[in-house]
Each structure stands twice: as structure tokens, then as C-alpha cells.
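In what follows, a single structure is set out as C-alpha cells and then discussed.
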Amino acid sequence: MEFFATNGIRPVRLSEDTRRFAHESVNHRYGKETWECPAVSMDDIDGFDKLSDIDKYDRIIERIAKTAPIRICDGEKISGAATLGYAITHNVPATFGGNLIFGSVSHLTIDFETVVRCGVDHIQRCAEDAFKKHKGTERERFAKSCLNCLDYFRIWHGRYLDALSILPEYKDNYEALKNVPFSPAKSFAQALQSIWFVFAFNRLCGNWPGIGRIDMLLGDYLEKDLKDGVITLSEARELLAHFFIKGCEWICGGDYGSGDAQHYQNILLAGIDENGNEITNSVTYLVLDVLEELGISDFPTTVRIGKNTDPKLLRRISEVIRLGGGVIAIYNEDLVIDSLTMRGYSLSEARKFANDGCWEIQIPGKTFFTYAPFDSLQILQRETLAEYSENVDFPDFDSLYKKYISDLERNVSKIFSDRKRYEYNVKCEKERKWFWEPPIPCTVVSLFEDGCIEKGLSYFEGGPRYNVVSPHIGGLPDTANSLYAIKKLVFDDCKLSLSELLKILKSNWEDNEHLRRYAMNKYVYFGNDNDEVDTIASNIVRDFAKICDDISATCPYDTPAGISTFGRQIEWSGKRYATPFGRRAGDILSGNFSPTPGTDREGATAIIRSYCKADLRHTASGAALDIKLMPGVVKGDVGLDAISALIQGFASLGGHFMQIDIADAELLKAAQEHPEEYQNLSVRVSGWNARFVTLSREWQDMIIAQTGRDI
């Protein structure tokens, strides 16, 4: 059995049985099984449609727990499975009258630390105390729902124990599951099973949580077991491999638009703990071993890199990155921690940071998060330049820039004034409460978010300790390039007037091919270490962040700036006009905070330098940079040194988050033409990975266009 690598050959360390399990899983066996039972039906419940939403929700979770198929995979070493198909679609997998009833929750990392170290029985006791506290108030019903859902979780747990108890070959699974997740884990195997079982129940109910800092959660358990002779490193690697393989249970094959692995189940490795101590441990390296061997991309993994990161870890990361698939990304933890403390988080909390299941920053198990994306280029084209009206005029570039920032501020402010669900309702001066109209029931997730049970408020009602609504600017490099091209063509080089340029742009460069090519080729755009255009991009970041900070000062929630597109450049392309830097209307342009495809001519180091000129401490929500390298430039020890140097340079220059992929445009084109031969070719998309052949043609073409050249 072989596992595809874009570059090189994957090593073999795991047993043949484990590799077979992985091969079957990534080749759709269990994903297809999941769709055999897409949902539970509530049609037989008299008066179901007359129930309140939270009553409906409780009845749904009860039925899921009692009737969802139990799956025990051949040879699995950990147990539990999300076996209802509609959970894959970001919905609670239950129907009434043939229609889905509730959406679900994602963009969060739940509190696995309490689960592993204290057990769900601890959460039960907290819920019982909260029910007594809120009895007789408007919050009593949510508190009761918490107790109900914990009861249903026990039912589901009991069904797995019953199924395993009659299968002698799964004795180890049964013994681990007898204790967890209700009691604190006592061993590495129990801790891993505890995390998986809570994760699987959340997924079974339709939610898409991230995992978070798995080596921090498991490291102490493994070190103790190794010391006591309870387990060997090889046995621990096998167990971890089964965790990753079980995470492939939703791979179904086929065309999924943006890919088949976009379920936000991300993992973090390494970095410091709340006291400033490095947590890198045996689990860190075992996870990298599994990723290197199996190439499983369903848990996009990010490594926290700091000023004291061991060169050994950098080298190991580089070895995994070199195989391709984009599974490993990088956080500059020193900058991220600075950005969080600047926003008022304590140093100890900031050091705990993880991501939301994609790559936006949050404190795991304590944060409600959502983001509000918008296209900065359309603001420039449609508002500042008035849809390219010939009547637009500015005396100088500074006037144009100031008008753009004013338009940007109005649009960002409008995001919040237009979203009624973020209105603020002060019913009690001592405790502020958000409301959604109406709030979507989400008790299962709320059980595992610090603050919800105690407050008697769900995840969607302001229950978590931190509540974040982050504006995310998209198309920023395209906007900077457009402003720069206008500056050069109109104000510096005086090639033509602004009204003349706008008339040409409105015609989509018709009959002006010579000027279009001049604009494309004469000037050096963002991503090439050109201070003039990079300063414009940096100024936009600075001014956008200030706009977000000013809004945050008046809100009951935090509104940190973020920079992303998450592939929206595809849907935005049809609404964009021709650009002053030579692109035609409808072209697919930049992703995240990465150069516009085709404008980066000086290689990866120049891209990183351009990106890092912005003060990214002010983008506490995240600022993603995509780097794609050709396989030929990462061969041998020199290639590994090159990857390590890129990572170190990125961190030392003040980067935030970097996604590195090793990609070959010719290989990707071959996969387009012969998908049957490249079923497991993984690519980094934008905060998630996907098997390339499951992307739609439009997404595939975008990935190919973004594929980098030699450094």
C-alpha cells in the first residue's frame, strides 16, 4: 500500500494492519457508509413542530444518541464514530417532513483539557450546580438542556461499551472506554480515547470542532507511560495513527467544490505553555511521524514556532513539508502572543492560543468566534472610484488614499449595523447578554465551552468567556496593487489622467492592450520586496486594524482585524472590474495576504519580506500567507535547509501565519485529466487541505494558478 506524496517517498513505520485501515479510510470506505444513514427522522413524534426550538433540539440529540448506527471499524484501536451523513454538511443530522431542522457549529476548538484531566463527570457536577443556580429564571431551560444532553451522551457511550464488550478482540478499546471520558484519563491510551470520543459525539451531532494542542493534552500521559513501561513509542505511534485514520471517516470522494476535507478539525503542535515552558514532547514527533507516513490531510496541522524552537523540530517539520500536501503550516507564536496581550488578554491566556478549526486565533475552549469577510477591491472600484465614473477626480494620491480609507471605514462599520443578530440586549446590568433571533440551539457544543454552563447561556448567546466577531479584509494585495498602479500611471509618471484611465478600465482595457501590458510589466507589485507598493499594503493593514479597534471599543464583543479570502476570490471575481495593474474583469486574483497570481517574480523570500512589512501584531485574528514551492527546490539537505530558513525568516521578520505547500503545476494538470490516478493527492487550499481531485474545476484552476516557482 502506497500513500501519495507530491515529492519523494513516504517512509514505512506502522504495521500493515494500520496501513490497511488508513488506505481503506482515505479511499472512501467509511465515508460512503456514513451516507447509508443520513439522518434521524422526527416525523413520528406527535406535535414535534409545535415544540420550542430547544425542546426540539433535546429530542433530536436523544434520538441520535439512542439510534445512530454504531460503527466499529476493522482493527480500530480507539472507538466512536460520527455515522450520520448530514453531519458532514454542517447540519444537525435530523429531519422533519424531509427537511433538516437546525444548522450546527464550527470555527471553534472545544475544551478537551477539562475532559481529559477532570472528566465529563466534572462537567456534570457543574451543570447540576448551574441548574440549581438558574432554576426559576429564563436560563433554567438551557441549564436543563445541558443535563439532558449529558444523559444522552451517556446513552451513546453505553451503546459503545455494550458493542465492544461482546468482541474479545477489542478488549483494550473496551477497557479504555470504561473509564473515559467521564472520569479523568489515567494513561496515554485513555487520554487519546477520551479526546476522540468527545470529538466524535460533537461531530455526530453535526458540529465541526477543532482539536487544538494535542501534544500539550497528551504529552505528560505518554511520558509517564513510557517511564513506567506501560507503552512503547512504537505502540503509541500506532494509537495516534488510529486517531488520524478515524478522522477520515467523512471522506466520500466526488466533487465537493472547495474539497472534501473542510471540516475544521485542525491540530496545533509545539510552542510554550501558559507558564512559558516549551511543551514539545514525544507526542509532537509521533504526530509528525504519522503525517509523514500516511499523508492524511484531514487534520491540517500547524506548528507554533518561537524564538527558542529547537532546530531539531524545524528540521523535522521541513522533512514532512517536503513531501507535499500542505499538511503543515506555521504560526509565529511570539507575534501571536504579543497581538493577544495588546488586545487585553493576560499573558498566561495568550500563551494558550490555538485556532478556530481553520487558522483564526482563539483561546481554546473559551471562545465564541465568527468572522465577517468582505472584498476590499470592490470597495475601491465601486465606491472610491464610483464604478469607474469619468467624473472621479483627486488632486493627488494622498487624497485618493484618504477617500478609500473613509469608504473602508464605512463598510466595516456597516457590517455590524446590518447584522441584527449581533445587537446587544442589556437585560441585567451585571451580566450582558447577546441574542440571536432566534438563538440556534447548540447545547452539545456549549457543554465544552468554558462559561456557558455557569452563565446559563449557550455558545450562541454569549456564554463563552471570550466572544469574538472579526472583520476579515479580502483582496488586500489587489487593492494595494491597484492603488499603486494609479499612483504610478496617473500621479508619478503622468501617463494619462485618472478619468482617462477609468474610462479604459470601464471598457475592460478594450483597444488598449499595449497600455495594459505596460501596467502589468513596468511596475513591481506586492510580493517582490518593493517598499513603495508594500508600504501601501502595510498602511491599509494599519488603518483597517484601527477601524476594527475603534468598533471594538463600542461593542460587547471583541472585533480584531483579520486578513483572509478562504477562496472567496472565486465568487468575488464576477463582481470585480478590470484592475489598474492590468487584470481584466472577472480574473481570479489574490488569496489571503498573498500576492496576486503572476505578479510575484522574485521568489518566496521576497513574498515573505513584502508580507512582513505590515505590523501584523494588529491582526490578532490572523493574516494568512500562502507559499507554494516547486519540488525541485526542496531536494536533499539543501532543500531542507531552504524550508527551515524560510520558516526562521518568516518568524524573525514578524510573520503571523504561513501555509507552505510543495506543488507542481504539471502534476496538478495531470491530476485534472486523470483523477483516478491521483485520488490521494492533497493540496493546501486556505486553512484546510483537500484531495485535489475533489475540488471543482474552478478551484483546481485557482490552485494551479497559485502554484509557485523556484526560489
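The values are calculated or read from the model by the stated rules, or taken from the named source; none is laboratory data. Keep in mind the model is a prediction, meaning the values are calculated, not measured. Methodologically, a virtual Cβ is constructed for each residue, glycine included, from the backbone with ideal geometry; neighbour enumeration extends over all protein chains shown.
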Could you check VAL283 against (1) at pLDDT below 95; (2) buried (at least 24 other Cβ atoms within 10 Å of the Cβ); (3) among the β-branched types (Val, Ile, Thr) and say which number it fails?
(1)
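Looking only at segment 541-557, how many residues end up being polar (S, T, N, Q) and either assigned to a loop (DSSP other than H, G, I, E, B) or in contact with a Phe, Trp or Tyr (Cβ under 8 Å, 6 or more places away or on another chain) (or both)?
Start the filter on segment 541-557 by keeping residues that are polar (S, T, N, Q), which leaves 552, 554.
Keeping just the survivors that are either assigned to a loop (DSSP other than H, G, I, E, B) or in contact with a Phe, Trp or Tyr (Cβ under 8 Å, 6 or more places away or on another chain) (or both) gives 554.
Counting residues in segment 541-557 that are polar (S, T, N, Q) and either assigned to a loop (DSSP other than H, G, I, E, B) or in contact with a Phe, Trp or Tyr (Cβ under 8 Å, 6 or more places away or on another chain) (or both) gives 1.
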Among the candidates ALA671, ALA663, ALA606, residue that is touching a residue at least 40 places away in the same chain (Cβ under 8 Å), more than 20 Å from the chain's Cα centre (by Cα) and not assigned by TED's automatic domain parsing to the domain that holds THR559:
ALA663
Does ASP310 satisfy being in the same structural domain as CYS248 (by TED's automatic domain parsing) and within 19 Å of GLU2 (Cβ to Cβ)?
no
Residue list for segment 457-470, restricted to those being surrounded by fewer than 23 Cβ atoms within 10 Å (Cβ to Cβ) and assigned to a loop (DSSP other than H, G, I, E, B)
ARG465
Test: residue in segment 584-602 that is at pLDDT below 95 and part of a strand (DSSP E or B)
no
Would you point out which residue out of ILE486, ILE473 is outside any helix (DSSP H, G or I) and either charged (D, E, K, R) or under 23 Å from LYS402 (Cα atoms) (or both)?
ILE473
Please enumerate the residues belonging to segment 171-185 that are part of a helix (DSSP H, G or I) and crowded, with 20+ Cβ neighbours inside 10 Å.
ASN173, ALA176, LEU177
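If only one of THR137, THR114 is touching a residue at least 24 places away in the same chain (Cβ under 8 Å), crowded, with 16+ Cβ neighbours inside 10 Å and of a type outside the set (Phe, Trp, Tyr), which one is it?
So the residue among THR137, THR114 that is touching a residue at least 24 places away in the same chain (Cβ under 8 Å), crowded, with 16+ Cβ neighbours inside 10 Å and of a type outside the set (Phe, Trp, Tyr) is THR114.
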When segment 43-72 is examined, which residues are found to be acidic (Asp, Glu) and farther than 18 Å from LEU100 by Cβ?
ASP46
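Within segment 366-414, count every residue that is assigned to a helix (DSSP H, G or I) and aromatic (Phe, Trp, Tyr).
At the first step, the residues of segment 366-414 found to be assigned to a helix (DSSP H, G or I) are 376-384, 397-414.
Right, trim to aromatic (Phe, Trp, Tyr) and you get 397, 401, 404.
Within segment 366-414, residues that are assigned to a helix (DSSP H, G or I) and aromatic (Phe, Trp, Tyr) number 3.
Quick grid of which residues meet (1) within 23 Å of the chain's Cα centre (by Cα); (2) surrounded by 19 or more Cβ atoms within 10 Å (Cβ to Cβ); (3) farther than 30 Å from PRO580 by Cβ:
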{"site": "LEU323", "(1), (2), (3)": "yes, yes, yes"}
{"site": "ILE328", "(1), (2), (3)": "yes, yes, yes"}
{"site": "GLY344", "(1), (2), (3)": "no, no, yes"}
{"site": "ARG351", "(1), (2), (3)": "yes, yes, yes"}
{"site": "ASP356", "(1), (2), (3)": "yes, yes, yes"}
{"site": "THR384", "(1), (2), (3)": "no, yes, no"}
{"site": "SER389", "(1), (2), (3)": "no, no, no"}
{"site": "ASP396", "(1), (2), (3)": "no, no, no"}
{"site": "LYS414", "(1), (2), (3)": "no, no, no"}
Listed by range, helices (runs of 4 or more DSSP H) wholly within segment 1-89 having at least 1 residues that are under 19 Å from ALA690 (Cβ atoms) and either at pLDDT below 95 or touching a Lys or Arg at 6+ places or on another chain (Cβ under 8 Å) (or both) are 16-26, 29-34
Quick check on TYR525: is it closer than 30 Å to ASP111 by Cβ and hydroxyl-bearing (Ser, Thr, Tyr)?
no
Looking only at residues that are under 20 Å from ALA663 (Cα atoms) and without any contact (Cβ under 8 Å) to a residue 60 or more places away in the chain in segment 304-320, which one is surrounded by the most Cβ atoms within 10 Å (Cβ to Cβ)?
VAL320
Selection status of ALA386, more than 30 Å from GLU62 (Cα to Cα), of a type in the set (A, V, I, L, M) and at pLDDT 95 or above:
yes
In segment 579-603, residue farthest from THR707 (Cα to Cα) [restricted to those that are surrounded by fewer than 24 Cβ atoms within 10 Å (Cβ to Cβ) and among the aliphatic types (A, V, I, L, M)]
ALA585
Residues that are surrounded by fewer than 22 Cβ atoms within 10 Å (Cβ to Cβ), of a type outside the set (Gly, Ala, Ser) and in contact (Cβ under 8 Å) with a residue 40 or more places away in the chain, drawn from segment 59-82
GLU62, LYS66, ILE70, ARG71, ILE72, CYS73, ASP74, GLU76
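Output the residues belonging to segment 300-351 that are in a loop (DSSP other than H, G, I, E, B), among the β-branched types (Val, Ile, Thr) and closer than 16 Å to PHE650 by Cα.
Taking segment 300-351 and keeping what is in a loop (DSSP other than H, G, I, E, B), we get 300, 306-310, 323-327, 343-346, 351.
If we keep only those that are among the β-branched types (Val, Ile, Thr) too, we end up with 309, 327.
If the condition is that a residue be in a loop (DSSP other than H, G, I, E, B), among the β-branched types (Val, Ile, Thr) and closer than 16 Å to PHE650 by Cα, then THR309 is the only one that fits.
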Of ASP543, ASP558, ASP493, ASP529, the only residue that is surrounded by fewer than 24 Cβ atoms within 10 Å (Cβ to Cβ), in the same structural domain as PRO441 (by TED's automatic domain parsing), touching a residue at least 40 places away in the same chain (Cβ under 8 Å) and farther than 30 Å from GLU349 by Cα is ASP529
Within segment 560-608, count every residue that is among the hydroxyl-bearing types (Ser, Thr, Tyr) and farther than 18 Å from PHE544 by Cβ.
6
Considering only residues of segment 398-412 that are within 29 Å of the chain's Cα centre (by Cα) and among the hydrophobic types (A, V, I, L, M, F, W, C), which is modelled with the lowest pLDDT?
VAL412
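Here is a yes/no grid of residues against (1) part of a helix (DSSP H, G or I); (2) out of contact with any Pro (no Cβ under 8 Å at 6 or more places or on another chain):
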position: ALA620; (1), (2): no, no
position: GLY639; (1), (2): yes, yes
position: ILE647; (1), (2): yes, yes
position: ALA651; (1), (2): yes, yes
position: GLY655; (1), (2): no, yes
position: GLU698; (1), (2): yes, yes
position: ASP701; (1), (2): yes, yes
